1. Can you list the HN-Hα couplings for segment 435-448, worked out from phi with the Karplus curve (6.51, -1.76, 1.60; θ = phi - 60°), rounded to whole Hz and with x for Gly and Pro?
2. Show which lysines lie in cross-link reach of Lys430 when reach means a straight Cα distance below 27 angstrom and same-chain residues fewer than eight apart are skipped.
3. Please tell me the relative contact order of the chain in percent, rounded to the nearest whole number, where contacts are Cα pairs under 8 Å and at least six residues apart.
4. How large is the charge dipole for segment 31-157, taken about the Cα centre, if only the Cβ atoms of Lys, Arg (+1) and Asp, Glu (-1) carry charge, to the nearest 20 debye?
5. Can you list residues whose amide H is under 5 Å from Leu46's amide H, if they're 5+ apart or on another chain and H is modeled 1.01 Å from N?
6. Quick one: if you take sqrt(5λ) for each eigenvalue of the C-alpha gyration tensor of segment 25-126, what semi-axes come out, biggest first, whole angstrom?
7. Magnitude of the Cβ-charge dipole of segment 332-489, K/R +1 and D/E -1, about the Cα centre, nearest 20 debye?
8. Could you derive backbone 3J(HN,Hα) for segment 203-209 from the dihedral phi with the Karplus parameters 6.51, -1.76 and 1.60 (θ = phi - 60°), listing whole Hz in sequence and x where the residue is Gly or Pro?
Amino acid sequence: MFLELLAQSAEEKCHLSHEEKILVGVSGGADSLAMLVGLHSLGYALVVGHLDHALRAESAQDAAFVQNMAAQLGVPFVTERVDVGAWAQINKQSIEEAAREVRYRFLFEQARRCDAGVVAVAHHADDQVETILMHFLRGAALSGLAGMPFRRLMPQWDAKIPLVRPLLGISREVIEDYLRAENLTPRVDLSNEDTTYFRNRLRHALIPELETYNPQVKQVIWRMSQVLGEEDAFLDTLAQDAWERCFHARSAEHVELVRDTLLKLPMALQRRVLRQAISLLRPDLRDVGFDAVLRGLAFAAEPSESGEIDLVAQLHLAVVRDVLILKDWQAPLPDFGQPLLVAEADVLVLTPEHPVQLTHGWYITAEVIPEVPTDLAERFRQMGAEEAWLDLDKVTLPLTVRSRKPGERWQPLGMTQGRQTLQDFFINQKVPSHLRDRWPLVCSGDVVAWVGSIRPSEAFRLTEDTRRILRLQLKLADQNGDALSVKID
(Lines give C-alpha, C1' and ligand atoms only; values in the text may rest on other atoms or scores of the structure.)
Protein backbone atom coordinates (compact mmCIF):
# COMPACT_ATOMS: atom_id res chain seq x y z
CA MET A 1 0.00 0.00 0.00
CA PHE A 2 2.80 2.43 0.96
CA LEU A 3 4.67 2.06 -2.32
CA GLU A 4 1.49 2.49 -4.38
CA LEU A 5 0.63 5.70 -2.50
CA LEU A 6 4.21 6.95 -2.76
CA ALA A 7 4.41 6.23 -6.49
CA GLN A 8 1.17 8.10 -7.12
CA SER A 9 2.22 11.05 -4.98
CA ALA A 10 5.70 11.23 -6.52
CA GLU A 11 4.38 11.29 -10.05
CA GLU A 12 1.07 13.13 -9.83
CA LYS A 13 1.58 15.54 -6.92
CA CYS A 14 5.34 16.11 -6.81
CA HIS A 15 5.94 15.71 -10.57
CA LEU A 16 9.16 13.77 -10.02
CA SER A 17 11.07 12.37 -12.98
CA HIS A 18 13.24 9.26 -13.08
CA GLU A 19 15.72 11.22 -15.20
CA GLU A 20 16.15 13.94 -12.56
CA LYS A 21 18.44 13.64 -9.54
CA ILE A 22 16.67 14.11 -6.18
CA LEU A 23 18.40 15.28 -3.00
CA VAL A 24 16.51 13.53 -0.16
CA GLY A 25 16.80 14.88 3.36
CA VAL A 26 17.21 11.88 5.67
CA SER A 27 17.44 12.24 9.44
CA GLY A 28 17.33 8.50 10.11
CA GLY A 29 13.87 8.65 11.66
CA ALA A 30 10.93 6.56 10.49
CA ASP A 31 9.52 9.03 7.95
CA SER A 32 12.70 9.94 6.10
CA LEU A 33 13.94 6.33 6.17
CA ALA A 34 10.70 5.15 4.56
CA MET A 35 10.92 7.91 1.94
CA LEU A 36 14.52 7.00 1.09
CA VAL A 37 13.91 3.28 0.75
CA GLY A 38 10.58 3.78 -1.02
CA LEU A 39 11.88 6.21 -3.65
CA HIS A 40 14.91 4.00 -4.21
CA SER A 41 12.60 1.00 -4.73
CA LEU A 42 10.66 3.01 -7.29
CA GLY A 43 13.84 3.62 -9.29
CA TYR A 44 14.43 7.31 -8.66
CA ALA A 45 17.99 8.72 -8.82
CA LEU A 46 18.80 9.85 -5.29
CA VAL A 47 21.44 11.62 -3.25
CA VAL A 48 21.11 11.34 0.53
CA GLY A 49 21.65 14.52 2.55
CA HIS A 50 21.97 14.34 6.34
CA LEU A 51 22.46 17.32 8.64
CA ASP A 52 23.83 16.62 12.11
CA HIS A 53 22.18 19.29 14.30
CA ALA A 54 24.57 18.60 17.21
CA LEU A 55 21.64 18.84 19.62
CA ARG A 56 21.84 15.31 21.04
CA ALA A 57 24.70 13.15 22.27
CA GLU A 58 23.73 10.40 19.83
CA SER A 59 23.54 12.69 16.77
CA ALA A 60 26.86 11.36 15.42
CA GLN A 61 25.42 7.84 15.61
CA ASP A 62 22.39 9.03 13.60
CA ALA A 63 24.72 10.37 10.91
CA ALA A 64 26.62 7.05 10.80
CA PHE A 65 23.33 5.16 10.54
CA VAL A 66 22.17 7.22 7.56
CA GLN A 67 25.56 6.95 5.88
CA ASN A 68 25.48 3.15 6.29
CA MET A 69 21.94 2.97 4.88
CA ALA A 70 22.97 5.05 1.85
CA ALA A 71 25.93 2.73 1.30
CA GLN A 72 23.68 -0.35 1.44
CA LEU A 73 21.45 1.18 -1.23
CA GLY A 74 24.39 2.37 -3.33
CA VAL A 75 23.24 5.98 -3.08
CA PRO A 76 25.64 8.99 -2.80
CA PHE A 77 25.77 10.51 0.68
CA VAL A 78 26.53 14.08 1.82
CA THR A 79 26.56 15.38 5.37
CA GLU A 80 27.44 18.35 7.54
CA ARG A 81 27.50 19.05 11.27
CA VAL A 82 26.16 22.40 12.54
CA ASP A 83 25.80 23.48 16.16
CA VAL A 84 22.15 24.51 15.95
CA GLY A 85 22.06 25.54 19.60
CA ALA A 86 24.82 28.08 19.03
CA TRP A 87 23.19 29.19 15.78
CA ALA A 88 19.90 29.82 17.62
CA GLN A 89 21.65 31.94 20.25
CA ILE A 90 23.61 34.00 17.76
CA ASN A 91 20.56 34.64 15.55
CA LYS A 92 18.10 34.99 18.46
CA GLN A 93 15.88 32.18 17.20
CA SER A 94 14.10 29.30 18.88
CA ILE A 95 15.72 25.89 18.49
CA GLU A 96 12.89 24.88 16.15
CA GLU A 97 13.35 27.93 13.93
CA ALA A 98 17.12 27.60 13.85
CA ALA A 99 16.98 23.87 13.07
CA ARG A 100 14.61 24.51 10.17
CA GLU A 101 16.72 27.31 8.71
CA VAL A 102 20.00 25.42 9.01
CA ARG A 103 18.46 22.24 7.59
CA TYR A 104 17.00 23.87 4.48
CA ARG A 105 20.12 25.92 3.90
CA PHE A 106 22.15 22.70 3.94
CA LEU A 107 19.78 20.73 1.70
CA PHE A 108 19.60 23.34 -1.04
CA GLU A 109 23.33 24.03 -0.96
CA GLN A 110 23.98 20.32 -1.42
CA ALA A 111 21.36 20.09 -4.18
CA ARG A 112 23.17 22.78 -6.13
CA ARG A 113 26.54 21.14 -5.59
CA CYS A 114 25.44 17.71 -6.81
CA ASP A 115 23.25 19.09 -9.62
CA ALA A 116 19.99 17.78 -8.14
CA GLY A 117 16.84 19.24 -9.63
CA VAL A 118 14.63 18.64 -6.58
CA VAL A 119 14.90 18.53 -2.78
CA ALA A 120 12.61 15.99 -1.06
CA VAL A 121 11.66 16.03 2.62
CA ALA A 122 9.57 13.55 4.59
CA HIS A 123 6.60 15.51 5.89
CA HIS A 124 3.61 13.17 5.98
CA ALA A 125 -0.16 13.46 6.51
CA ASP A 126 0.06 13.62 10.32
CA ASP A 127 2.65 16.40 10.03
CA GLN A 128 0.20 18.23 7.78
CA VAL A 129 -2.53 18.02 10.42
CA GLU A 130 -0.16 19.31 13.10
CA THR A 131 0.99 22.15 10.84
CA ILE A 132 -2.59 23.23 10.11
CA LEU A 133 -3.45 23.22 13.82
CA MET A 134 -0.35 25.30 14.55
CA HIS A 135 -1.37 27.80 11.89
CA PHE A 136 -4.95 27.86 13.17
CA LEU A 137 -3.88 28.56 16.74
CA ARG A 138 -1.60 31.35 15.56
CA GLY A 139 -4.32 32.95 13.43
CA ALA A 140 -3.41 32.00 9.87
CA ALA A 141 -5.22 33.04 6.70
CA LEU A 142 -6.55 30.63 4.07
CA SER A 143 -3.12 29.70 2.72
CA GLY A 144 -1.98 28.75 6.22
CA LEU A 145 -5.04 26.57 6.81
CA ALA A 146 -4.38 24.84 3.48
CA GLY A 147 -1.16 23.57 5.01
CA MET A 148 1.99 22.48 3.20
CA PRO A 149 1.87 21.85 -0.57
CA PHE A 150 3.28 18.72 -2.20
CA ARG A 151 5.59 20.85 -4.36
CA ARG A 152 6.66 24.48 -4.15
CA LEU A 153 9.52 26.84 -4.84
CA MET A 154 11.11 28.45 -1.79
CA PRO A 155 12.95 31.49 -3.17
CA GLN A 156 14.70 32.18 0.12
CA TRP A 157 16.63 28.96 -0.44
CA ASP A 158 16.65 28.62 -4.22
CA ALA A 159 14.67 30.28 -7.00
CA LYS A 160 14.74 27.25 -9.31
CA ILE A 161 14.98 24.06 -7.25
CA PRO A 162 11.59 23.04 -5.84
CA LEU A 163 10.92 21.40 -2.49
CA VAL A 164 8.72 18.29 -2.66
CA ARG A 165 6.92 16.26 0.01
CA PRO A 166 6.10 12.86 -1.49
CA LEU A 167 4.79 11.44 1.83
CA LEU A 168 2.34 14.28 2.43
CA GLY A 169 -0.73 12.17 1.65
CA ILE A 170 0.46 9.15 3.64
CA SER A 171 -0.29 8.62 7.34
CA ARG A 172 2.26 7.81 10.00
CA GLU A 173 0.50 4.46 10.53
CA VAL A 174 0.99 3.39 6.91
CA ILE A 175 4.64 4.48 7.04
CA GLU A 176 5.32 2.43 10.15
CA ASP A 177 3.58 -0.62 8.64
CA TYR A 178 5.91 -0.35 5.64
CA LEU A 179 9.03 -0.18 7.80
CA ARG A 180 7.95 -3.26 9.75
CA ALA A 181 7.26 -5.15 6.53
CA GLU A 182 10.73 -4.25 5.24
CA ASN A 183 12.43 -5.08 8.58
CA LEU A 184 13.76 -1.54 8.82
CA THR A 185 14.52 -0.10 12.25
CA PRO A 186 14.74 3.70 12.24
CA ARG A 187 16.61 5.88 14.67
CA VAL A 188 14.50 7.21 17.55
CA ASP A 189 14.75 10.89 18.44
CA LEU A 190 13.58 11.19 22.06
CA SER A 191 13.23 14.95 21.66
CA ASN A 192 10.05 14.20 19.70
CA GLU A 193 8.51 13.31 23.08
CA ASP A 194 9.50 16.61 24.69
CA THR A 195 6.26 18.57 25.11
CA THR A 196 8.09 21.83 25.75
CA TYR A 197 8.11 22.06 21.94
CA PHE A 198 4.88 23.45 20.51
CA ARG A 199 4.47 20.79 17.81
CA ASN A 200 5.03 17.99 20.28
CA ARG A 201 2.32 19.36 22.58
CA LEU A 202 -0.09 19.32 19.64
CA ARG A 203 0.87 15.76 18.78
CA HIS A 204 0.77 14.30 22.27
CA ALA A 205 -1.85 16.42 24.02
CA LEU A 206 -4.16 18.46 21.75
CA ILE A 207 -4.81 15.96 18.96
CA PRO A 208 -5.63 13.06 21.33
CA GLU A 209 -8.03 15.43 23.12
CA LEU A 210 -9.68 16.38 19.82
CA GLU A 211 -10.05 12.71 18.96
CA THR A 212 -12.34 12.33 21.98
CA TYR A 213 -14.72 14.69 20.15
CA ASN A 214 -14.24 13.09 16.73
CA PRO A 215 -12.09 9.95 16.34
CA GLN A 216 -11.58 10.87 12.66
CA VAL A 217 -10.42 14.42 13.38
CA LYS A 218 -7.05 13.97 11.63
CA GLN A 219 -8.72 12.71 8.45
CA VAL A 220 -11.24 15.57 8.62
CA ILE A 221 -8.50 18.18 8.98
CA TRP A 222 -6.46 16.62 6.19
CA ARG A 223 -9.46 16.62 3.80
CA MET A 224 -10.21 20.20 4.77
CA SER A 225 -6.66 21.16 3.85
CA GLN A 226 -7.13 19.68 0.38
CA VAL A 227 -10.32 21.66 -0.24
CA LEU A 228 -8.81 24.88 1.12
CA GLY A 229 -5.67 24.28 -0.91
CA GLU A 230 -7.71 24.13 -4.12
CA GLU A 231 -9.59 27.30 -3.18
CA ASP A 232 -6.35 28.99 -2.19
CA ALA A 233 -4.87 28.10 -5.58
CA PHE A 234 -7.93 29.58 -7.31
CA LEU A 235 -7.60 32.80 -5.33
CA ASP A 236 -3.92 32.86 -6.21
CA THR A 237 -4.80 32.97 -9.91
CA LEU A 238 -7.11 35.92 -9.25
CA ALA A 239 -4.46 37.56 -7.10
CA GLN A 240 -1.87 37.19 -9.84
CA ASP A 241 -4.11 39.03 -12.28
CA ALA A 242 -4.72 41.68 -9.61
CA TRP A 243 -0.98 41.93 -9.00
CA GLU A 244 -0.29 42.60 -12.66
CA ARG A 245 -2.85 45.41 -12.63
CA CYS A 246 -1.50 46.94 -9.42
CA PHE A 247 2.22 46.56 -10.10
CA HIS A 248 4.02 49.78 -11.00
CA ALA A 249 7.76 49.17 -10.58
CA ARG A 250 10.34 47.52 -8.35
CA SER A 251 14.01 47.48 -7.44
CA ALA A 252 16.08 45.43 -5.03
CA GLU A 253 15.02 47.81 -2.24
CA HIS A 254 11.42 48.72 -3.01
CA VAL A 255 8.16 47.73 -4.70
CA GLU A 256 5.66 50.22 -6.12
CA LEU A 257 1.91 49.54 -6.44
CA VAL A 258 -0.77 51.68 -8.05
CA ARG A 259 -2.67 52.70 -4.94
CA ASP A 260 -6.02 53.50 -6.51
CA THR A 261 -6.12 50.18 -8.38
CA LEU A 262 -5.19 48.27 -5.23
CA LEU A 263 -7.91 49.90 -3.14
CA LYS A 264 -10.60 49.04 -5.71
CA LEU A 265 -9.89 45.32 -5.31
CA PRO A 266 -11.92 43.09 -2.98
CA MET A 267 -10.28 43.02 0.44
CA ALA A 268 -9.23 39.36 0.02
CA LEU A 269 -7.19 40.30 -3.06
CA GLN A 270 -5.82 43.47 -1.46
CA ARG A 271 -4.35 41.33 1.31
CA ARG A 272 -2.76 38.92 -1.15
CA VAL A 273 -1.26 41.67 -3.30
CA LEU A 274 0.33 43.36 -0.27
CA ARG A 275 1.62 40.00 1.00
CA GLN A 276 3.18 39.34 -2.40
CA ALA A 277 4.93 42.72 -2.31
CA ILE A 278 6.29 41.89 1.14
CA SER A 279 7.48 38.48 -0.03
CA LEU A 280 9.45 40.07 -2.89
CA LEU A 281 11.54 42.07 -0.42
CA ARG A 282 11.49 39.54 2.42
CA PRO A 283 11.33 36.09 0.78
CA ASP A 284 12.55 34.42 3.97
CA LEU A 285 9.79 35.93 6.11
CA ARG A 286 7.57 32.92 6.86
CA ASP A 287 4.64 34.49 8.66
CA VAL A 288 3.36 37.96 7.82
CA GLY A 289 0.97 38.85 10.62
CA PHE A 290 -2.66 39.49 9.71
CA ASP A 291 -2.62 42.67 11.82
CA ALA A 292 0.38 44.03 9.91
CA VAL A 293 -1.34 43.48 6.56
CA LEU A 294 -4.56 45.14 7.75
CA ARG A 295 -2.60 48.07 9.16
CA GLY A 296 -0.81 48.45 5.83
CA LEU A 297 -4.05 48.48 3.87
CA ALA A 298 -5.65 50.95 6.29
CA PHE A 299 -2.66 53.24 5.75
CA ALA A 300 -2.98 52.85 1.98
CA ALA A 301 -6.62 53.95 2.20
CA GLU A 302 -5.90 56.87 4.56
CA PRO A 303 -2.20 57.77 4.69
CA SER A 304 -0.85 59.33 7.86
CA GLU A 305 0.30 62.95 7.84
CA SER A 306 3.94 61.87 7.51
CA GLY A 307 3.07 59.74 4.47
CA GLU A 308 5.05 56.78 5.79
CA ILE A 309 4.72 54.02 8.42
CA ASP A 310 6.84 51.17 9.76
CA LEU A 311 5.10 48.01 8.55
CA VAL A 312 6.94 44.77 9.33
CA ALA A 313 10.45 43.22 9.23
CA GLN A 314 12.20 46.60 8.79
CA LEU A 315 9.97 47.49 5.85
CA HIS A 316 8.31 50.88 5.52
CA LEU A 317 5.13 51.69 3.62
CA ALA A 318 4.76 55.10 1.99
CA VAL A 319 2.33 56.89 -0.31
CA VAL A 320 3.73 59.22 -2.96
CA ARG A 321 1.25 60.67 -5.45
CA ASP A 322 -0.98 57.68 -6.25
CA VAL A 323 1.79 55.14 -5.68
CA LEU A 324 2.01 52.87 -2.66
CA ILE A 325 5.68 52.13 -1.95
CA LEU A 326 7.00 49.28 0.16
CA LYS A 327 10.70 49.73 0.86
CA ASP A 328 13.60 48.79 3.09
CA TRP A 329 13.62 51.15 6.05
CA GLN A 330 17.05 52.58 5.13
CA ALA A 331 16.32 52.94 1.40
CA PRO A 332 15.39 56.35 -0.04
CA LEU A 333 12.01 56.83 -1.64
CA PRO A 334 12.13 56.36 -5.42
CA ASP A 335 12.33 59.42 -7.65
CA PHE A 336 10.29 57.83 -10.48
CA GLY A 337 12.94 58.72 -13.06
CA GLN A 338 12.35 62.44 -12.66
CA PRO A 339 15.08 64.80 -13.93
CA LEU A 340 16.55 66.17 -10.71
CA LEU A 341 19.69 67.93 -9.56
CA VAL A 342 22.39 65.43 -8.72
CA ALA A 343 22.95 67.22 -5.40
CA GLU A 344 20.89 69.81 -3.52
CA ALA A 345 23.80 72.24 -3.28
CA ASP A 346 24.48 72.29 -7.02
CA VAL A 347 24.42 75.73 -8.70
CA LEU A 348 25.10 75.11 -12.38
CA VAL A 349 25.61 77.57 -15.23
CA LEU A 350 23.31 77.19 -18.25
CA THR A 351 24.15 78.72 -21.64
CA PRO A 352 23.29 77.76 -25.23
CA GLU A 353 26.78 76.26 -25.48
CA HIS A 354 26.68 74.43 -22.16
CA PRO A 355 23.58 72.41 -21.21
CA VAL A 356 23.13 71.31 -17.60
CA GLN A 357 23.16 67.61 -16.79
CA LEU A 358 20.55 66.21 -14.38
CA THR A 359 19.83 62.70 -13.11
CA HIS A 360 18.76 59.71 -15.24
CA GLY A 361 20.45 61.06 -18.39
CA TRP A 362 18.37 64.24 -18.56
CA TYR A 363 19.69 67.64 -19.61
CA ILE A 364 18.38 71.20 -19.59
CA THR A 365 19.30 73.04 -22.79
CA ALA A 366 18.99 76.71 -23.78
CA GLU A 367 18.52 77.92 -27.36
CA VAL A 368 18.18 81.46 -28.70
CA ILE A 369 15.40 81.98 -31.24
CA PRO A 370 16.33 85.31 -32.88
CA GLU A 371 12.85 86.07 -34.27
CA VAL A 372 9.34 85.40 -33.05
CA PRO A 373 7.81 82.64 -35.21
CA THR A 374 4.71 83.57 -37.18
CA ASP A 375 2.93 80.42 -35.92
CA LEU A 376 3.61 81.21 -32.26
CA ALA A 377 0.05 80.50 -31.09
CA GLU A 378 0.04 77.06 -32.73
CA ARG A 379 3.43 76.23 -31.20
CA PHE A 380 2.14 77.13 -27.74
CA ARG A 381 -0.85 74.83 -28.19
CA GLN A 382 1.48 71.92 -28.99
CA MET A 383 4.08 72.72 -26.34
CA GLY A 384 4.53 70.24 -23.49
CA ALA A 385 5.71 70.75 -19.94
CA GLU A 386 9.24 69.77 -20.97
CA GLU A 387 9.65 73.13 -22.74
CA ALA A 388 9.46 76.82 -21.78
CA TRP A 389 9.83 79.98 -23.90
CA LEU A 390 11.09 83.13 -22.19
CA ASP A 391 11.48 86.71 -23.41
CA LEU A 392 15.25 86.85 -23.97
CA ASP A 393 15.44 90.60 -23.43
CA LYS A 394 14.07 90.18 -19.89
CA VAL A 395 16.64 87.50 -19.02
CA THR A 396 20.03 88.07 -17.40
CA LEU A 397 22.60 85.69 -18.89
CA PRO A 398 24.11 83.35 -18.04
CA LEU A 399 21.25 81.47 -16.42
CA THR A 400 21.81 79.23 -13.41
CA VAL A 401 20.14 76.00 -12.40
CA ARG A 402 19.78 75.34 -8.69
CA SER A 403 17.46 74.03 -5.99
CA ARG A 404 15.01 76.12 -3.96
CA LYS A 405 15.99 78.33 -1.04
CA PRO A 406 14.19 78.32 2.33
CA GLY A 407 10.97 80.33 2.07
CA GLU A 408 11.67 81.30 -1.54
CA ARG A 409 8.85 82.99 -3.46
CA TRP A 410 8.22 83.33 -7.15
CA GLN A 411 5.58 84.42 -9.71
CA PRO A 412 4.25 81.45 -11.69
CA LEU A 413 2.87 82.08 -15.18
CA GLY A 414 -0.74 83.21 -14.89
CA MET A 415 -0.29 84.96 -11.52
CA THR A 416 -0.42 88.60 -12.61
CA GLN A 417 -0.38 90.01 -9.08
CA GLY A 418 1.77 89.01 -6.11
CA ARG A 419 4.01 86.01 -5.63
CA GLN A 420 3.73 82.51 -4.19
CA THR A 421 6.09 80.43 -2.09
CA LEU A 422 7.69 77.55 -3.95
CA GLN A 423 6.56 75.32 -1.09
CA ASP A 424 2.90 76.12 -1.77
CA PHE A 425 3.45 75.81 -5.51
CA PHE A 426 5.02 72.34 -5.11
CA ILE A 427 2.15 71.25 -2.88
CA ASN A 428 -0.43 72.47 -5.40
CA GLN A 429 1.41 70.68 -8.21
CA LYS A 430 1.63 67.48 -6.10
CA VAL A 431 5.42 67.35 -6.29
CA PRO A 432 6.51 64.65 -3.80
CA SER A 433 8.03 66.23 -0.72
CA HIS A 434 11.22 64.13 -0.89
CA LEU A 435 11.96 65.49 -4.40
CA ARG A 436 11.40 69.20 -3.79
CA ASP A 437 14.89 70.04 -2.57
CA ARG A 438 16.44 68.61 -5.75
CA TRP A 439 13.89 69.94 -8.23
CA PRO A 440 15.72 71.99 -10.92
CA LEU A 441 14.94 75.72 -10.98
CA VAL A 442 16.23 77.75 -13.92
CA CYS A 443 17.06 81.23 -12.64
CA SER A 444 17.81 84.61 -14.18
CA GLY A 445 20.03 86.27 -11.64
CA ASP A 446 18.32 85.33 -8.39
CA VAL A 447 14.81 85.13 -9.87
CA VAL A 448 13.19 81.79 -10.72
CA ALA A 449 12.40 81.82 -14.44
CA TRP A 450 11.27 78.20 -14.87
CA VAL A 451 10.36 75.40 -12.47
CA GLY A 452 11.63 72.61 -14.66
CA SER A 453 8.98 70.44 -16.35
CA ILE A 454 6.15 72.34 -14.60
CA ARG A 455 5.79 76.06 -15.37
CA PRO A 456 7.71 79.20 -16.42
CA SER A 457 7.54 82.50 -14.59
CA GLU A 458 5.09 85.32 -15.32
CA ALA A 459 8.02 87.75 -15.11
CA PHE A 460 9.54 86.41 -18.34
CA ARG A 461 6.41 85.71 -20.37
CA LEU A 462 6.24 86.53 -24.08
CA THR A 463 4.31 89.66 -25.00
CA GLU A 464 3.56 91.67 -28.12
CA ASP A 465 6.84 93.48 -27.51
CA THR A 466 8.93 90.29 -27.49
CA ARG A 467 11.57 90.29 -30.22
CA ARG A 468 13.83 87.40 -29.23
CA ILE A 469 13.07 84.15 -27.44
CA LEU A 470 15.09 81.92 -25.13
CA ARG A 471 13.88 78.36 -25.53
CA LEU A 472 14.48 76.04 -22.52
CA GLN A 473 14.04 72.29 -22.89
CA LEU A 474 14.40 69.08 -20.94
CA LYS A 475 16.05 66.50 -23.14
CA LEU A 476 17.04 62.89 -22.63
CA ALA A 477 20.34 61.68 -24.04
CA ASP A 478 20.23 58.62 -26.28
CA GLN A 479 22.76 55.78 -26.23
CA ASN A 480 25.15 57.85 -28.38
CA GLY A 481 25.03 60.75 -25.95
CA ASP A 482 22.90 62.92 -28.26
CA ALA A 483 20.10 64.83 -26.56
CA LEU A 484 16.57 63.94 -27.61
CA SER A 485 13.53 65.99 -26.74
CA VAL A 486 11.12 63.87 -24.71
CA LYS A 487 7.88 64.77 -23.02
CA ILE A 488 7.81 64.52 -19.21
CA ASP A 489 4.78 62.85 -17.61
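1. 9, 5, 6, 10, 6, x, 10, 8, 10, 9, x, 10, 9, 5
2. Cα-Cα hits under 27 Å: Lys264, Lys327, Lys405, Lys475, Lys487.
3. Relative contact order comes out at 10 percent.
4. 380 debye
5. So Leu46 has HN proximity to Ile22.
6. Over the Cα atoms of segment 25-126, the semi-axes work out to 23, 15, 13 Å.
7. For this selection, approximately 420 debye.
8. After applying 6.51 cos²θ - 1.76 cosθ + 1.60, I find 5, 9, 10, 5, 4, x, 5 Hz.
The values are calculated or read from the model by the stated rules, or taken from the named source; none is laboratory data. Quick caveat, the model's predicted, so the values are computed rather than measured. Cβ atoms come from the backbone with ideal geometry, glycine included; neighbour counts cover every protein chain shown. For accessibility, only protein heavy atoms count, side chains too; no ligands or nucleic acids. Shrake-Rupley method; radii C 1.70, N 1.55, O 1.52, S 1.80 Å.
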